[in-house]
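The values are calculated or read from the model by the stated rules, or taken from the named source; none is laboratory data. Quick caveat, the model's predicted, so the values are computed rather than measured. Note that each Cβ is placed from the backbone with ideal geometry, even for glycine, and that neighbours are counted across all protein chains shown.
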Amino acid sequence: MRACPRYPLTSPEPRAKIVADPPLADPLASRGVVIIQYCVENIHLEPVFGAGATAASPRVGHLHLSLDDAPWVWMDASGNPVIIQGLPPGPHKVLLQLPDANHRILDKATVSFVVPGNTGPTPHH
């Protein structure tokens, strides 16, 4: 897992940032499973929303994630790696957006990858 630097948060707070790694090579190549590790800086991921949450210090936020330019997103505040499986072979991309508690995007990262064909167990004859 990526080690995130810790900065003291003072007012005004430094810019929030997200850094995402390419998917882990072995699970992608062997099973087509996408595991994206990421790190956020100068913000804490929490499932807290609304006007009152924007006054929290240190600053809180969450992730908006989308796959292959889909018009919808899913949200996550766990801080755990993003895991996606069952994608068809071929090129894909995941957009990780880092919004504040009111969904204002503070930073973003895009991870592109190729799911290989013929993933999964080899059939026995």
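Consider segment 92-113. How many of its residues are touching a Lys or Arg at 6+ places or on another chain (Cβ under 7 Å) and of a type outside the set (Gly, Ala, Ser)?
At the first step, the residues of segment 92-113 found to be touching a Lys or Arg at 6+ places or on another chain (Cβ under 7 Å) are 95-98, 100, 107, 110-112.
Remaining after also requiring of a type outside the set (Gly, Ala, Ser): 95-98, 100, 107, 110-111.
Number of matching residues: 8.
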Item to complete: Being of a type in the set (A, V, I, L, M, F, W, C) and either in contact with a His (Cβ under 7 Å, 6 or more places away or on another chain) or at pLDDT 95 or above (or both) is the filter; apply it to segment 41-69 and report the residue that is nearest to residue 116 (Cα to Cα).
Response: 67
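Within segment 81-101, is even one residue exposed (fewer than 12 other Cβ atoms within 10 Å of the Cβ) and of a type in the set (A, V, I, L, M)? Break it down stepwise before answering.
Going residue by residue through segment 81-101, those that are exposed (fewer than 12 other Cβ atoms within 10 Å of the Cβ) are 86, 88, 90-91.
The next check asks that each one be of a type in the set (A, V, I, L, M); those that pass are none.
No, that holds for no residue.
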Worksheet item: Which of (1) modelled with pLDDT under 95; (2) surrounded by 17 or more Cβ atoms within 10 Å (Cβ to Cβ); (3) aromatic (Phe, Trp, Tyr) is the odd one out, the single condition residue 38 does not satisfy?
Response: (1)
Discussion item. List the residue pairs whose Cβ atoms are under 8 Å apart, where the first residue sits in segment 97-109 and is touching a residue at least 24 places away in the same chain (Cβ under 8 Å), the second is of a type in the set (Ser, Thr, Tyr), and the two are 6 or more positions apart or on different chains.
Written reply: 97/66; 100/54; 101/54; 102/54; 109/38
Worksheet item: Which one of 112, 57 is outside any loop (DSSP other than H, G, I, E, B) and surrounded by fewer than 18 Cβ atoms within 10 Å (Cβ to Cβ)?
Response: 112
Discussion item. Can you tell me which condition residue 78 does not meet? The list is (1) of a type outside the set (A, V, I, L, M, F, W, C); (2) touching a strand residue (DSSP E or B) at 6+ places or on another chain (Cβ under 6 Å); (3) under 17 Å from residue 18 (Cβ atoms); (4) surrounded by fewer than 17 Cβ atoms within 10 Å (Cβ to Cβ), and all the others hold.
Written reply: (2)
